[in-house]
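Engineer: Mind looking over this structure? Questions follow.
Where a number appears in this text, it was derived from the coordinates with a stated rule and is not lab data. All of these numbers come straight from a predicted model, not from anything done at the bench. Cβ placement follows ideal geometry from the backbone for every residue including glycine, while neighbour counts extend to all protein chains displayed.
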Amino acid sequence: MFKPARKTSTITLSEKYYYAEFSLLEDLSVDPKPLQFVNIWIPGIDEVPMSISQYIEGKLYVLFKVIGEGTRCLRDINGFFGIKGPLGNGLDVESYRRVLLVAGGAGIAPVSILSRKAEENGVELDVVWGVKKSSDLFNVKIIAPGVKSVYYATEDCVIGYCGKAVDLAERIVNSSGRSYDLIIGVGPRSMLLEICRRAGKIADVLVSLEAIVKCGLGACGSCLLKPLPKLLCVDGPVFKCNEVIRHLEWCFNN
Ligand SMILES: Cc1cc2nc3c(=O)[nH]c(=O)nc-3n(C[C@H](O)[C@H](O)[C@H](O)COP(=O)(O)OP(=O)(O)OC[C@H]3O[C@@H](n4cnc5c(N)ncnc54)[C@H](O)[C@@H]3O)c2cc1C
Ligand code: FES
């Protein structure tokens with residue numbers, strides 16, 4: 001089930017964000033799509049779900065923020081890990097012409113594979129990335145050179161737009177006259193709820209959710225998106241707004 005992989009490097013992108021490269025001893029069974037994820041088994045410690053940031057020729061990249069023991073080990077331990085995936089459903093970006101990714105915090109992780117797939121298919125990709133502290137920021141084009149324009153929002157107001165990613169995204173959509181045929185939200189639930197409420201009328205909107213993922217295979221029920229009968233790991237993590245807005249509102253009220 002888990003494929004053995006050796007961690008070959010960890011790059012420090014900013015104060016809290018890291019980009020790790022894993023060499024798989026055996027290729028993934030299928031070429032992953034943007035927004036699919038893997039479970040990374042850290043022997044003797046834990047399993048952590050991570051978006052596939054990039055996958056090229058047997059090398060898997062994940063971008064992560066250090067939160068607790070699992071992500072600290074991902075940063076600090078070299079050696080062998082187990083990789084299960086790709087898990088969940090991904091995005092067929094080639095069906096679109098102009099795409100805007102609105103990312104909050106670690107929601108920027110899938111940008112590398114998204115920009116590669118967009119470039120390969122002649123799709124224009126712009127990115128809005130919002131973080132709380134400007135010390136979290138790094139140049140997104142380092143890991144996603146195919147992105148056309150990147151707009152930054154910081155809540156400490158030191159760099160870029162002063163405020164939240166969703167407000168900056170709304171300004172860009174309204175002021176630039178650019179017509180996006182897809183807006184993708186990846187980040188905290190409060191941001192996804194706002195995106196669904198505001199953007200649903202102007203474009204297709206997809207949101208990529210997080211939940212507590214254990215088995216990743218639809219067997220344990222830990223990723224149930226209450227009060228809906230949906231499991232993040234097999235029905236998601238990417239959904240249309242109308243499929244999950246009740247879950248997002250439920251989380252907000254509970
Ligand atoms: C589909 C998916 C994709 C993700 N992609 C990314 C990504 O690309 N980059 C990134 O930085 N983070 C991502 N996350 C969040 C990341 O998995 C959590 O931050 C991480 O599991 C925290 O583990 P920890 O031990 O460092 O932290 P702790 O907070 O100490 O974790 C405590 C315990 O809770 C568990 N836990 C906490 N959050 C989660 C979670 N979401 N799912 C399962 N178990 C959890 C941990 O396994 C651990 O047992 C993703 C989560 C999901 C569900
Ligand atoms: S993680 Fe077990 S059912 Fe989704």
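Engineer: Starting from the Cα of K133, draw a straight line to each of the lysines and keep only those under 23 Å, dropping any in the same chain fewer than 8 residues away.
Structural biologist: K16, K65, K141, K164
Engineer: While we're on this one: Starting from region 1-105, pick out the GluC sites (Glu not before Pro) whose DSSP state is loop and whose Cβ has at most 11 other Cβ atoms within 10 Å.
Structural biologist: Loop-located and lightly packed - E26, E57.
Engineer: Taking region 107-168, which GluC sites (Glu not before Pro) meet the DSSP loop condition and have no more than 16 other C-beta atoms within 10 Å?
Structural biologist: E155
Engineer: A further question on this structure: About its Cα centre, how strong a charge dipole does region 3-87 have in debye, to the nearest 20, once Lys and Arg get +1 and Asp and Glu get -1 at the Cβ?
Structural biologist: In total the dipole reaches around 120 debye.
Engineer: Suppose every Lys and Arg Cβ carries +1 and every Asp and Glu Cβ carries -1, with no other charges. What dipole size does the chain come out with about its Cα centre, to the nearest 20 debye?
Structural biologist: Value, rounded to 20: 320 debye.
Engineer: Once Lys and Arg get +1 and Asp and Glu get -1 on their Cβ, which of S208, V127, A165 lies farthest toward the positive end of the dipole of the chain?
Structural biologist: A165
Engineer: Of all trypsin sites (Lys or Arg not before Pro) in region 40-131, which ones are in loop regions per DSSP and have a Cβ with at most 14 other Cβ atoms within 10 Å?
Structural biologist: In loop regions of region 40-131 (DSSP not H, G, I, E or B), the sparsely surrounded trypsin sites (Lys or Arg not before Pro) are R97.
Engineer: Same structure again: Work out the FRET efficiency for I159 and A219 from their Cβ-Cβ distance, taking R0 = 35 Å, and round it to the nearest 0.05.
Structural biologist: Calculated value: 0.20.
Engineer: What angle do you read, to the nearest 10 degrees and between 0 and 90, between the alpha-carbon axis of helix 189-199 and the longest principal axis of the chain?
Structural biologist: 40 degrees
Engineer: Something else now. Can you work out ³J(HN,Hα) from phi for every residue in region 18-31, in order, using Karplus 6.51 cos²θ - 1.76 cosθ + 1.60 and θ = phi - 60°, giving whole Hz and x for Gly and Pro?
Structural biologist: In residue order, the calculated couplings are 10, 10, 10, 10, 10, 9, 7, 6, 9, 4, 4, 5, 9, 6 Hz.
Engineer: Using alpha-carbon pairs under 8 Å, 6+ residues apart, how would you state the relative contact order of the chain in percent?
Structural biologist: Over the chain, the number comes to 16 percent.
Engineer: For K226, give me every one of the aspartates and glutamates with a C-alpha distance below 17 angstrom, ignoring sequence neighbours fewer than eight places off in its own chain.
Structural biologist: E210, D235, E243, E249
Engineer: Moving to a separate point now. Which aspartates and glutamates have a Cα lying under 13 Å from the Cα of K132, excluding residues fewer than 8 positions away in the same chain?
Structural biologist: E15, E155, D156
Engineer: Measuring from centroid to centroid over Cα atoms, what is the spacing of region 206-254 and region 23-62 in Å?
Structural biologist: Each part's Cα centre sits 21 Å from the other's.
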